[in-house]
């Protein structure tokens with residue numbers, strides 16, 4: 001069954017899009033991450049113009065994160081104070097990111113910039129998770145010395161506006177939280193991701209938040225960041241395809257229910273290794289595209305394909 | 001007598017009414033003559049038929065104006081394939097299909113020239129105006145470079161089914177001709193002009209009255225497409241509201257389903 005996408009200006013197979021959504025939904029249910037960082041490249045592989053894929057994916061994340069955040073709020077896993085401060089940075093970053101997309105598309109280097117940033121992020125996150133989870137599986141524990149804080153921790157503690165976050169049980173600088181939000185906001189606009197795969201490790205490893213509160217708070221702030229980025233993309237680039245977004249969300253919701261049930265059969269370290277391997281596979285495919293001779297030397301500029 | 005006179009008057013007036021209609025009736029019909037692009041559109045077909053002199057060869061040209069199109073050329077920079085030049089191609093049609101009843105090389109060249117058709121899209125490459133942006137300046141490319149980009153665009157449009165040349169696709173039997181035009185999913189909205197040229201065996205060339213095939217968006221495709229272009233702020237807000245509503249409805253739906261099927265408060269509540 002085919003459906004014509006009004007903004008992408010092309011027909012797609014409904015079951016292919018539902019299937020891609022479901023695949024990413026299973027993964028996000030399994031690992032507790034948004035999965036947007038996998039969906040955008042999958043949509044591009046499926047022939048959706050890159051700019052439409054990224055913007056519509058962000059639109060889909062609004063739906064997915066709202067549904068997840070509501071569940072976590074009921075369980076008391078959302079640090080609203082942390083989320084709101086982080087959001088201030090996220091909204092500023094998202095606005096700057098959408099303008100950056102417009103400039104890059106104007107000079108025609110959006111696609112390649114997006115792919116390079118992707119490769120770097122996927123390598124860093126995938127590599128870090130793989131090493132961390134293999135070490136955890138071998139039973140090695142991080143030998144952190146609480147008496148000798150790292151240079152990074154000393155730097156964060158030296159920043160002004162230190163404040164207490166009760167739900168997370170941490171004390172840190174507002175400036176650091178806003179800065180982290182800004183960085184992730186720029187990436188969210190550029191890559192069409194909610195930023196969960198960057199925010200989550202940052203909240204756990206850099207802010208020291210408990211994993212479950214990090215997941216809940218991350219989903220809470222993603223609702224607002226992705227709302228902002230969706231509207232910015234609609235204004236600056238006219239690339240949000242709401243029909244595509246709803247199809248993806250329908251697939252991912254169903255997938256997420258299965259994923260959440262599968263996840264109880266695995267150990268946390270096994271899940272993280274599996275996720276790391278998937279992330280690294282996507283990275284390898286993107287690198288392959290950058291270094292191998294393209295099928296056609298001249299292509300329509302991204303976002304082309306009309307109304 | 002009165003009845004006969006009345007009937008004669010009736011027949012006469014019907015005749016008078018019909019004659020101008022019969023004269024104005026187009027020699028070419030396009031059926032259907034409107035293509036609606038809706039949410040289930042995957043492409044369409046339309047049949048072009050009509051009358052031509054006995055034994056004539058037929059050339060059908062269907063074309064629609066295009067918009068300036070952006071093209072990116074990839075090149076190797078530091079081992080990576082990236083965009084090295086971005087150009088805008090203007091003056092090329094948005095839709096261009098040529099259907100003939102025989103191989104073009106068996107037809108008089110001056111007729112092909114007059115019709116603006118050839119077996120190799122050469123008529124199009126000459127129409128292209130290609131500009132490149134170098135730094136902040138817009139530069140018009142020389143004809144050789146312009147032709148190269150025009151050729152790439154022709155290939156892209158051929159793949160999308162927007163451009164094609166199909167020799168022998170028009171069937172002629174006696175004084176009737178018939179051809180089926182394929183309308184691909186990527187067809188631009190607007191009017192497609194259909195021109196038919198007949199070449200009689202004695203070499204006489206007749207241009208039949210051109211017809212118009214309308215391509216319009218309907219329903220959701222029209223509503224969303226127009227809104228995204230003319231009122232992007234409202235469109236963005238609508239997209240967000242639709243997503244939020246869907247998300248919250250689905251979250252509550254699954255909570256309800258879990259209660260119903262598993263008779264519990266949901267999986268996570270117990271862990």
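The values are calculated or read from the model by the stated rules, or taken from the named source; none is laboratory data. Bear in mind that the values here come from a model prediction, so they are computed numbers and not experimental data. Quick reminder, even Gly has a Cβ in these numbers, built from the backbone with ideal geometry, and neighbours come from all protein chains shown.
Yes or no, residue by residue, for (1) more than 14 Å from every other protein chain (Cβ to nearest Cβ); (2) at pLDDT 90 or above; (3) surrounded by fewer than 20 Cβ atoms within 10 Å (Cβ to Cβ):
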residue	(1), (2), (3)
B:15	yes, no, yes
B:38	no, yes, yes
B:57	yes, yes, no
B:87	no, no, no
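Quick check: anything in segment A:274-296 assigned to a helix (DSSP H, G or I), in contact with a strand residue (DSSP E or B) (Cβ under 9 Å, 6 or more places away or on another chain) and surrounded by 20 or more Cβ atoms within 10 Å (Cβ to Cβ)? Don't jump to the end; show me each part of the working.
First, the residues of segment A:274-296 that are assigned to a helix (DSSP H, G or I): A:274-291.
Going one step further and asking which of them are in contact with a strand residue (DSSP E or B) (Cβ under 9 Å, 6 or more places away or on another chain), we end up with A:289-291.
Filter again for surrounded by 20 or more Cβ atoms within 10 Å (Cβ to Cβ), leaving none.
Checking segment A:274-296: not a single residue is assigned to a helix (DSSP H, G or I), in contact with a strand residue (DSSP E or B) (Cβ under 9 Å, 6 or more places away or on another chain) and surrounded by 20 or more Cβ atoms within 10 Å (Cβ to Cβ).
What residue, among those in segment B:122-166 that are in contact with a helix residue (DSSP H, G or I) (Cβ under 6 Å, 6 or more places away or on another chain) and modelled with pLDDT of 90 or more, is surrounded by the fewest Cβ atoms within 10 Å (Cβ to Cβ)? Let's see the steps before the verdict.
Within segment B:122-166, the subset in contact with a helix residue (DSSP H, G or I) (Cβ under 6 Å, 6 or more places away or on another chain) is B:125, B:128, B:130, B:147, B:150, B:163.
From what is left, the residues that are modelled with pLDDT of 90 or more are B:130, B:147, B:150, B:163.
Values: B:130: 23, B:147: 17, B:150: 24, B:163: 23.
Of everything passing the filter in segment B:122-166, B:147 is surrounded by the fewest Cβ atoms within 10 Å (Cβ to Cβ).
From A:18, A:70, A:92, grab the single residue that is under 22 Å from residue B:250 (Cβ atoms), surrounded by fewer than 24 Cβ atoms within 10 Å (Cβ to Cβ) and touching a residue at least 40 places away in the same chain (Cβ under 8 Å). Don't jump to the end; show me each part of the working.
Numbers: A:70 fails: touching a residue at least 40 places away in the same chain (Cβ under 8 Å); A:92 fails: under 22 Å from residue B:250 (Cβ atoms).
Only one candidate qualifies: A:18.
So residue A:27 fits all but one of (1) within 22 Å of residue A:247 (Cβ to Cβ); (2) within 11 Å of chain B (Cβ to nearest Cβ); what number is the exception?
(2)
Sort out which residues of segment A:212-246 are part of a helix (DSSP H, G or I), within 13 Å of another protein chain (Cβ to nearest Cβ) and either more than 30 Å from residue B:232 (Cα to Cα) or touching a strand residue (DSSP E or B) at 6+ places or on another chain (Cβ under 6 Å) (or both), and write them in order of number.
Correct list: A:212, A:215, A:216, A:243, A:244.
Within segment A:262-269, identify whether any single residue is part of a helix (DSSP H, G or I), touching a helix residue (DSSP H, G or I) at 6+ places or on another chain (Cβ under 8 Å), within 11 Å of chain B (Cβ to nearest Cβ) and modelled with pLDDT under 75, and answer yes or no.
Yes: one or more hits.
Residues that are under 25 Å from residue A:120 (Cα atoms) and within 14 Å of chain B (Cβ to nearest Cβ): does segment A:173-188 have at least one?
So far as segment A:173-188 goes, no, none of its residues is under 25 Å from residue A:120 (Cα atoms) and within 14 Å of chain B (Cβ to nearest Cβ).
For segment A:190-204, name all the residues that are surrounded by fewer than 21 Cβ atoms within 10 Å (Cβ to Cβ) and at pLDDT 75 or above.
A:202, A:204
Suppose we filter segment A:156-181 for residues that are under 18 Å from the mean Cα position of the chain (by Cα) and buried (at least 21 other Cβ atoms within 10 Å of the Cβ); how many remain?
Just the residues of segment A:156-181 that are under 18 Å from the mean Cα position of the chain (by Cα), to begin with: A:177-181.
Then keep just the ones that are buried (at least 21 other Cβ atoms within 10 Å of the Cβ); that gives A:177, A:180-181.
Residues in segment A:156-181 being under 18 Å from the mean Cα position of the chain (by Cα) and buried (at least 21 other Cβ atoms within 10 Å of the Cβ): 3 in total.
Matching residues to (1) outside the structural domain of residue B:58 (by TED's automatic domain parsing); (2) crowded, with 18+ Cβ neighbours inside 10 Å; (3) at pLDDT 90 or above; (4) under 17 Å from the mean Cα position of the chain (by Cα):
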{"residue": "B:186", "(1), (2), (3), (4)": "no, yes, no, yes"}
{"residue": "B:189", "(1), (2), (3), (4)": "no, yes, no, yes"}
{"residue": "B:194", "(1), (2), (3), (4)": "no, yes, yes, yes"}
{"residue": "B:198", "(1), (2), (3), (4)": "no, yes, yes, no"}
{"residue": "B:203", "(1), (2), (3), (4)": "no, no, no, no"}
{"residue": "B:210", "(1), (2), (3), (4)": "no, no, yes, yes"}
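Whether any residue in segment A:6-23 is under 19 Å from residue B:243 (Cα atoms) and at the interface with another protein chain (Cβ under 9 Å from one of its Cβ atoms) is what I want to check.
Within segment A:6-23, one or more residues are under 19 Å from residue B:243 (Cα atoms) and at the interface with another protein chain (Cβ under 9 Å from one of its Cβ atoms).
Considering (1) farther than 20 Å from residue A:186 by Cα; (2) touching a strand residue (DSSP E or B) at 6+ places or on another chain (Cβ under 9 Å), say which one residue A:80 fails and leave the rest.
Result: residue A:80 fails condition (2) only.
Kindly evaluate residue B:130 against the criterion of being within 14 Å of chain A (Cβ to nearest Cβ), under 25 Å from the mean Cα position of the chain (by Cα) and over 26 Å from residue A:292 (Cα atoms). First the steps, then the outcome.
Numbers: within 14 Å of chain A (Cβ to nearest Cβ): yes; under 25 Å from the mean Cα position of the chain (by Cα): yes; over 26 Å from residue A:292 (Cα atoms): yes.
Against the criterion (within 14 Å of chain A (Cβ to nearest Cβ), under 25 Å from the mean Cα position of the chain (by Cα) and over 26 Å from residue A:292 (Cα atoms)), residue B:130 qualifies.
Looking at this structure, is residue A:29 assigned to a loop (DSSP other than H, G, I, E, B) and either at pLDDT below 80 or under 23 Å from residue B:186 (Cβ atoms) (or both)?
Details: assigned to a loop (DSSP other than H, G, I, E, B): no; either at pLDDT below 80 or under 23 Å from residue B:186 (Cβ atoms) (or both): yes.
No; evaluated as a whole, the condition is false for this residue.
Right, residue A:51: out of contact with any strand residue (DSSP E or B) (no Cβ under 8 Å at 6 or more places or on another chain) and within 11 Å of another protein chain (Cβ to nearest Cβ) or not? Steps first, please.
On the way: out of contact with any strand residue (DSSP E or B) (no Cβ under 8 Å at 6 or more places or on another chain): yes; within 11 Å of another protein chain (Cβ to nearest Cβ): no.
Judged against the criteria, residue A:51 is not a match.
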